[in-house]
Amino acid sequence: MLVFIAKRARNAVLLLFLASVLCFTLVVSAPGNVAILIAELRTPTATKEDIAKVEEELGLNKPLLERYGFWLQGALKGNLGISYKTGEDVGAALRSRLSVTATLVAGGAVVAFVLSLLVGFIGALWAHRMPDYIMRGIALLGASTPSFFVGALLVYAFSVNWHLLPTFGFSGPASWVLPWLTLGFLPAAVLSRVVRVGFEDAMAKPYVLTARSKGLSQTRILFRDALPNIAPTYLNALGTQIGTMVVGAVVVEPLFAWQGLGDLFLAGVRFRDFMVVQACLLVFITFFVILNVVVDIGITLTDPRLRRQRS
Amino acid sequence: MQSIKAFAKAVAALPRAAVFTIGAFILLGLFAPYITPYDPNAQNLLMAGEGPSLAHWLGADHLGRDTLSRLIAAARTSLVGVCLVLLCAHSIGIVIGTIAGYRRGWTDEVLMRVVDVGQAIPSLIVSLAVIGIFGVSYWNMILALALAWWPSSARISRAVAVNVMNKPHMEALRVLGASPLRIYFVHLFPATLGAVLVYATADAGAVALAIATLSFLGLGIQPPTPEWGQMLVDALPYLEADPRQVILPGLTLTLAVVGFNILGEAVALNRVPKPLGARLVAARRRITASWATETRS
């Protein structure tokens with residue numbers, strides 16, 4: 001088991017290294033001279049000397065390899081450079097916005113978890129009957145509706161029409177509800193299909209036939225025999241969907257006017273603030289790589305067959 | 001000819017709902033300029049926020065532009081965008097994938113590791129980063145989405161190519177003395193193209209959604225060009241007064257994506273000729289067989 005974890009961790013570090021090279025090259029290969037950009041930001045009538053001074057200051061005149069080493073060293077310490085547009089510290093901006101996105105995704109994950117199990121169980125309990133078809137339709141619709149449209153519909157229904165919840169921006173804990181629902185909606189639809197199809201597969205296995213011949217009830221078979229067998233697949237899918245939700249936060253945050261990581265990333269993209277884009281990209285990729293490792297270890301722990309195979 | 005035949009066969013086997021929705025989307029997109037009742041960009045402030053009438057079936061938006069015309073014109077924007085993105089992404093993907101599948105060995109290893117890194121990062125993040133570096137414009141959006149989509153195309157093409165290369169007729173060709181170039185261009189490439197085309201259509205929904213999402217964020221299609229995501233964000237400030245202008249583009253977009261998702265599910269369920277390994281096909285057959293006995297008993 002420890003060997004397996006060590007191996008996965010090594011692969012993750014390798015992938016992170018490749019990703020850091022990618023992030024670095026992306027910014028280096030950007031069109032336009034960064035030094036001119038910054039010099040003109042400081043003084044609109046920048047001379048050649050001003051540009052040279054900026055180059056010296058940021059180490060832009062050094063060889064590429066040295067620049068990469070310098071940048072990586074800083075990034076590991078949480079020093080991600082200074083925004084080209086606003087002049088603020090990118091690392092500090094990231095840290096101050098992290099909690100918003102984390103809470104958003106965590107809440108969305110809870111919504112997805114509860115909704116998907118509910119819809120999946122209804123489908124499995126009434127398999128190939130009306131409730132199953134209705135749930136399947138809802139799941140298809142849920143998986144096809146863009147999150148920004150879901151959000152707009154929720155705001156219209158709950159805030160504008162029924163005056164139950166606040167609309168955009170933050171005004172108390174109730175403001176979290178709609179963004180959570182919006183973010184969790186699509187993963188819930190996808191995961192409910194995973195539950196439903198997982199039950200379908202599990203119910204065709206020989207051990208279910210054995211359980212049935214023992215005279216166990218359908219509900220008992222579903223929850224005691226089939227459910228543990230779906231858990232690894234479900235956890236795997238849940239991990240993927242948490243990744244999807246982090247991406248979804250990029251869309252949901254501007255919709256609800258929240259100031260999270262996604263909002264920072266978008267601002268960076270909009271104003272071509274390379275340092276912000278690069279830093280956010282690095283944070284996102286790090287998150288995805290770590291998420292993958294955690295999911296892999298989680299599956300191994302929940303699946304006795306894999307546990308034996310990998311230890 | 002081979003690829004055209006495979007494609008026609010696949011379309012005939014598709015679920016009706018998908019064929020209808022996607023067909024409507026393509027037809028509207030193709031003939032948009034001839035069937036829009038009004039100029040989609042013509043403003044008439046006297047009409048602003050007007051409800052449905054005989055002259056304007058779906059009303060008008062906050063600038064008094066005919067909503068129906070804009071919805072239809074948006075189908076064209078979306079269709080052209082999707083086609084361009086898929087064309088670029090699959091051009092890169094098929095070439096890389098077939099080379100990896102044909103050569104195998106270290107070429108395959110290196111190319112697939114690159115694809116791995118590309119697939120590890122979600123497509124929206126990739127396209128946003130590319131737009132962040134090159135700036136906001138129509139062609140940068142196409143480039144960004146193509147760069148986000150080529151790895152998945154390369155992976156599929158490689159799987160198909162490996163499958164085709166393992167077929168007996170490839171062995172026979174080599175024995176008959178066909179040159180590698182002939183095998184690659186005359187036999188491998190067309191066969192791969194046909195199978196990948198099916199995937200390309202199933203993927204189109206995700207691309208349409210990505211275009212709409214980028215436009216919603218203000219980083220894709222720029223106003224006044226009509227596009228569903230952009231129409232939705234445009235009408236969002238007037239949600240309270242005129243929710244129709246938010247709901248209609250959202251619904252149209254959802255409908256198009258539903259069509260493509262039904263198609264995608266059909267592809268995944270093997271109702272469409274799918275390049276699977278023999279092992280996977282056998283496993284799937286077993287599941288289906290055990291299933292059939294269960295329902296019969």
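No lab work stands behind these numbers, since they all come straight from the coordinates. Worth saying up front: this structure is predicted, and the values here are computed from it rather than measured. So basically every Cβ, Gly included, is an ideal-geometry build from the backbone, and we count neighbours across all protein chains shown.
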If A:245, A:130 are placed from fewest to most neighbouring beta carbons inside 10 Å, the sequence is A:130, A:245
So, R0 is 45 Å and r is the distance between the beta-carbons of residue A:197 and residue B:30; what FRET efficiency does that work out to, to 0.05? 0.80
Log10 I(q)/I(0) at q = 0.13, 0.16, 0.21, 0.25 Å⁻¹ for region A:250-311, from Debye over equal alpha-carbon scatterers, is -0.52, -0.63, -0.80, -0.97
If the elastic network links every pair of Cα atoms under 10 Å, which of B:191, B:178, B:210 fluctuates the most in the Gaussian network model of chain B? B:178
If the label point is 7 Å along Cα→Cβ of residue A:307, which residues in region A:216-246 have backbone nitrogen under 18 Å from it? A:224-236
Can you give the longest stretch of chain A with no exposed loop site, where a site means trypsin sites (Lys or Arg not before Pro) in a DSSP loop (not H, G, I, E or B) with at most 13 other C-beta atoms within 10 Å? A:215-311
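Provide B:88, A:23 in ascending order of the number of other Cβ atoms located within 10 Å of each residue's Cβ, fewest first.
Ascending Cβ contact count within 10 Å gives the list B:88, A:23.
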Within a Cβ distance under 10 Å of residue A:97, other residues only, what is the Lys/Arg minus Asp/Glu net charge? -1
Averaged over its residues, how many other protein chain Cβ atoms are within 10 Å of peptide A:182-195's Cβ atoms? 0
How long are the three semi-axes of the equivalent ellipsoid for chain A, computed from the Cα gyration tensor as the root of 5 times each eigenvalue, in whole Å, largest first? 46, 27, 13
Can you give me the distance in nm between label points at residue A:72 and residue B:20, each placed 7 Å from the Cα along the Cα-to-Cβ direction? 5.7 nm
Please average, across the residues of B:209-217, the number of beta carbons from any other chain that are within 10 Å of each residue's own beta carbon, and give a whole number. 4
Is the protein assembly as shown best put as rounded, prolate or oblate by its Cα gyration tensor, with a ≥ b ≥ c the root eigenvalues, rounded for a/c under 1.5, and otherwise prolate when a/b is larger than b/c, oblate when not? rounded
Qualifying lysines (Cα of each under 23 Å from Cα of residue A:77; at least 8 residues distant if same chain): A:62, A:85
Through the Karplus equation 6.51 cos²θ - 1.76 cosθ + 1.60, θ set to phi - 60°, convert the phi angles of region B:227-236 into ³J(HN,Hα) values in whole Hz; use x for Gly and Pro. 8, 4, x, 6, 4, 5, 5, 5, 8, 4
